[in-house]
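Values in this text are rule-based calculations from the coordinates and carry no lab data. If you're wondering where the values come from, they're calculated on a predicted model, not measured in any experiment. Because the Cβ atoms are built from the backbone with ideal geometry, glycine has one as well, and the counts that use them run over all protein chains shown.
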Amino acid sequence: MKGFAACAITVLFMMLQLLAVPGATAGDNEKVTLYFFFGKDCPSCKAVEPRIDVLVDEYSGVVIEKYEVWYNKENRDKLIEMARKRNATAKGVPTIIIGDDVYLGSNITYIRRLVKKNAK
């Protein structure tokens, strides 16, 4: 009987976790990071940034980190290194890195595909 009670409590706990986060499954605590590299005065970056923010909000398993690279050498070095680790080159902004994907551009439809592909 003790085994049954422990099992029932475990199942109940798992069900409560699923109810707490819509669309979640057991073990969905891991987040995926979308890295957004931009230039402070870049018009394409300014245009796509709010759309990326909205997109990331649609996926509970995705978080965003933003790095300005035109005036910040450390952030620029981070972009170059992250791209290199993915066998890519950093050629400009806006650049999105998510998972193993590196994308230079502002096509929100394509960015959505990358987020959907990499979301947990």
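Tallying residues that are within 13 Å of TYR35 (Cα to Cα) and not aliphatic (A, V, I, L, M) within segment 76-91 yields 3. Within segment 58-74, identify whether any single residue is in contact with an Asp or Glu (Cβ under 8 Å, 6 or more places away or on another chain), touching a residue at least 40 places away in the same chain (Cβ under 8 Å) and within 24 Å of GLU30 (Cβ to Cβ), and answer yes or no. For segment 58-74, residues in contact with an Asp or Glu (Cβ under 8 Å, 6 or more places away or on another chain), touching a residue at least 40 places away in the same chain (Cβ under 8 Å) and within 24 Å of GLU30 (Cβ to Cβ): present. Within segment 76-103, being surrounded by fewer than 16 Cβ atoms within 10 Å (Cβ to Cβ) and in contact with a strand residue (DSSP E or B) (Cβ under 7 Å, 6 or more places away or on another chain) holds for ARG86, LYS91, GLY92, GLY99.
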